[in-house]
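**Q** Have a look at the structure that comes next, please.
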Amino acid sequence: MKALVFTKYGPWSKSVLFSDSHPKPSASEMRCGELLVEVNAAALNPLDKIRYNGGLKHFVAEKKLPAVIGYDIAGTVIKVAPGTDAAENKTRFSIGDRVVARMGDSKCGSVAEFAIVDADLCAKIPDNLTYVEAASLALSGQTVLQAFRKGGVKEGDRVFVSGGAGGVGTIAIQLAKHVFKAKEVATTARSGEKSDLCRKLGADTVIDYTTHKFEEKLREFDFALDLTHEAERMAVILKKGANIVSVTGKPTVSSLIEIGYPVSLWVKFYLWIIRDNKRINAARKHGVSYHYLIMQPSSKDMNKIVKEASSSRIHAVIDSIHPLNKALDAIKRLESGHAKGKIVISMLDECLEEKTSNPSKGASKSPQPSGKPVDVLAENQALARRDRRENIQEKKEEETRRDPLPKEEKERKDLKDVQIS
C-alpha cells in the first residue's frame, strides 16, 4: 500500500520517504477490539517530528522500521476484528462507519491507505464534518481538553495560550472561549494573518512575540498553557496557586506515573538529569504549580471534541491539504514551523483543490466551519468513483485471466472503461 514512512531515526531529509509498496495491515494482525480502517485523511503534528527524529525511542521504541508516520486518522471501517461482538458492547462500530481517532503510541501510523485502530480510541464522525476536518481535531482537541482539566480551567477564568495560531493553539483558543467560557483569552502570534486569525477564533488579547514579551504585558491570569517551550516565563503572569500545563520540553516522573508508564530507577535518573530546572524553579518562586502533560487518547474525549465541532462551538482550522503521493510536501510544511492551523494529508485526491499548492494561502484565513453536508457528499462521491475504478480494474484482470482478448478489442474496451470512470 501507499504510505509515508521513516526508515531510521534522524532528520526528515535522511529518514522520511513516500512508499508505494509498504505492507498492508492484514486481518491476522488484528486483535479483539480493533478496527481495520481505510484511511481518508490524516493530520500531522509536531509529535510526528519528535518521533522520526528519535525523541521517543527511549520511551516507545518502534517495533520495526520502516514505520508509518502519523497519529491522527479519519476513515471508514472496512473490517471489525474477529471475536469482536458489537452486541456485547466490545465495540460500538460496524463496517461502513466513518470514524476518527488519535491512534495509540504503540500502534500508530495514519499516513497510509489502511491502518488498524483500537476501537476504544475512536469516535463516529458526525454527518456535518468532513474527514479532513475530523482528522485535524484528533490530537489537538484531546490535548487541550486534558490540559484544561489538569489546570482546573473554569468559567470566568483568564486563560493564556502561547502560540495561538498553531495546530493546537487554534483549538485551545476556541475551547477556552466558547466551551469553557473563559472571561479573557490571551495568546501570542506574529502580527498580520496569524494575529487576525487568533482574534477571529476568540482571543481577546494577541501579543506579537516578535516585538513584545508577554510576561511584560500580562498579569493575574488563572491558567497558562505552554505550547512553545516558554513555561519558565509564564509563572510571573499568573495568580498565586494557579497552574501552568506544558506539552513541550521534558516529561516528568509524575507525568509518566499518571499514564501508567513503568518508572524504573534508570528512568528516574534519566529524567532527573534532563529535568527543566528553570520551569520548576520559576513556578516554585512565584507560588504556582507546573505540570507536564502526556496526552492519553480516549473515545470519550474524541467524542467530546467532534460533538463540539458538530455544534459549531469549535471549528477545524486547516493550514494546507496534501494528496498522499505528495505527503513529503506536508512534512516540509511541518518542518517549516510556519503552519497556521493543521496540516492534513487527504487520500481522496478528487476533493483537493489548488489550496494544496500554496500552503501560505491555506484555509486558516477563515476560521468558519467548512464542514457541511455537501462536503460529506463530495467525499462520498469521491469514494464511489475510486471504488468504481477499482472494480473496473478487478473485472478487467479477471476477464483477462479467463479469456484473454485480442489486442485491438482490449484497447477498445480500455477506452470505454476510462470514459465510464
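**Q** Accessible area, 1.4 Å probe, largest first: how do 294, 125 sort?
**A** Details: 294 40, 125 10 Å².
So, going from the largest accessible area down, we get 294, 125.
**Q** Which entries in the list 217/285; 63/332; 194/342 go over 21 Å, if you measure between the two C-alpha atoms of each?
**A** Long pairs (Cα-Cα over 21 Å): 63/332.
**Q** Next up: Limiting things to C-alpha atoms, what are the Rg and the maximum Cα-Cα separation (Dmax) for the stretch 172-275, in angstroms?
**A** Rg and Dmax of the stretch 172-275, Cα atoms, are 16.4, 49 Å.
**Q** So what's the net charge close to residue 20: Lys and Arg +1, Asp and Glu -1, counting the other residues with Cβ under 11 Å from its Cβ? Working shown, then result.
**A** Details: positive: 2; negative: 113.
For residues surrounding residue 20, the net value is 0.
**Q** On average over all directions, what projected area in square nanometres does the stretch 217-362 have, based on the convex hull of its Cα atoms? Let's see the in-between values first.
**A** Numbers: hull surface 49.7 nm².
So the Cα hull casts an average projection of 12.4 nm².
**Q** Going by accessible area, probe 1.4 Å, with all protein chains left in place, what is the ranking of 299, 264, 21, largest first? Don't skip to the answer; put the middle values down first.
**A** Numbers: 299 15, 264 55, 21 90 Å².
Order by accessible area, largest first: 21, 264, 299.
**Q** What accessible area, in Å² to the nearest ten, does a 1.4 Å probe give for residue 261?
**A** Per-residue accessible area (residue 261): approximately 60 Å².
**Q** Return the FRET efficiency for the residue pair residue 229, residue 1: r is the Cβ-Cβ distance, R0 is 35 Å, and the value is rounded to the nearest 0.05. Write down the numbers at each step before the final one.
**A** Details: r = 36 Å, r/R0 = 1.03.
So, using R0 = 35 Å, E works out to roughly 0.45.
**Q** Show me, bin by bin at 5 Å from 0, the whole-percent P(r) of the stretch 211-264 based on Cα pairs.
**A** Once binned at 5 Å, the Cα pair distances of the stretch 211-264 give 4, 18, 23, 20, 15, 9, 6, 3, 1.
**Q** Please find the FRET efficiency linking residue 191 to residue 28, where r is the Cβ-Cβ separation and R0 is fixed at 60 Å, and quote it to the nearest 0.05.
**A** Values: r = 55 Å, r/R0 = 0.91.
Computed FRET efficiency for residue 191 and residue 28 comes out at 0.65.
**Q** List the GluC sites (Glu not before Pro) within the stretch 270-353 that DSSP assigns to loop and that have no more than 13 neighbouring Cβ atoms inside 10 Å. Write out the running numbers ahead of the final one.
**A** Working: sites: 308, 335, 350, 353; in loops: 353.
Here the sparse-neighbourhood loop sites are 353.
**Q** Could you list the square roots of 5 times each eigenvalue of the Cα gyration tensor of the stretch 1-116, that is, the equivalent ellipsoid semi-axes, sorted largest first and rounded to whole Å?
**A** Numbers: eigenvalues 141, 39, 31 Å².
Three semi-axes, in Å: 27, 14, 13.
**Q** Still on this structure, please answer the following. Let me cross-check residue 20: its accessible surface, 1.4 Å probe, with only protein heavy atoms counted, in Å² to the nearest 10?
**A** 110 Å²
**Q** Please give the residues of the stretch 239-256, grouped as numeric ranges, whose backbone N is less than 20 Å from a label point set 7 Å along the Cα-to-Cβ vector of residue 277.
**A** It comes to 249-254, nothing else.
**Q** For the stretch 127-177 and the stretch 248-292, what is the separation of their Cα centres, given in Å?
**A** Going from one Cα centre to the other spans 23 Å.
**Q** Where Lys and Arg each count +1 and Asp and Glu each count -1, what net charge lies around residue 202 among other residues with Cβ under 15 Å from its Cβ? If you can, show how the numbers build up before the last one.
**A** Values: positive: 158, 177, 181, 183, 194, 199, 200, 313; negative: 155, 157, 184, 196, 204, 308.
Summing Lys/Arg as +1 and Asp/Glu as -1 gives +2.
**Q** Which GluC sites (Glu not before Pro) in the stretch 107-170 sit in a loop by DSSP (not H, G, I, E or B) and have at most 14 other Cβ atoms within 10 Å of their own Cβ?
**A** Numbers: sites: 113, 133, 155; in loops: 113, 155.
Here the sparse-neighbourhood loop sites are 155.
**Q** Residue 56 versus residue 127, label points 7 Å from Cα toward the beta carbon: distance in nm?
**A** About 3.6 nm, to one decimal.
**Q** Still on this structure: Taking the Cβ of residue 151 as the centre, find all other residues whose Cβ is under 11 Å away and add up their charges (Lys, Arg: +1; Asp, Glu: -1). Please report the intermediate quantities before stating the final value.
**A** On the way: positive: 149, 150, 154; negative: 157, 222, 226.
My count for the surroundings of residue 151 gives 0.
The values are calculated or read from the model by the stated rules, or taken from the named source; none is laboratory data. Note that the structure is a prediction, hence the values are computed from the model and not measured. Cβ coordinates were reconstructed from backbone atoms using ideal geometry, including for glycine residues, and neighbour counts include every protein chain displayed. Side chains included, ligands, DNA and RNA excluded: accessible areas come from the protein's heavy atoms. Shrake-Rupley method; radii C 1.70, N 1.55, O 1.52, S 1.80 Å.
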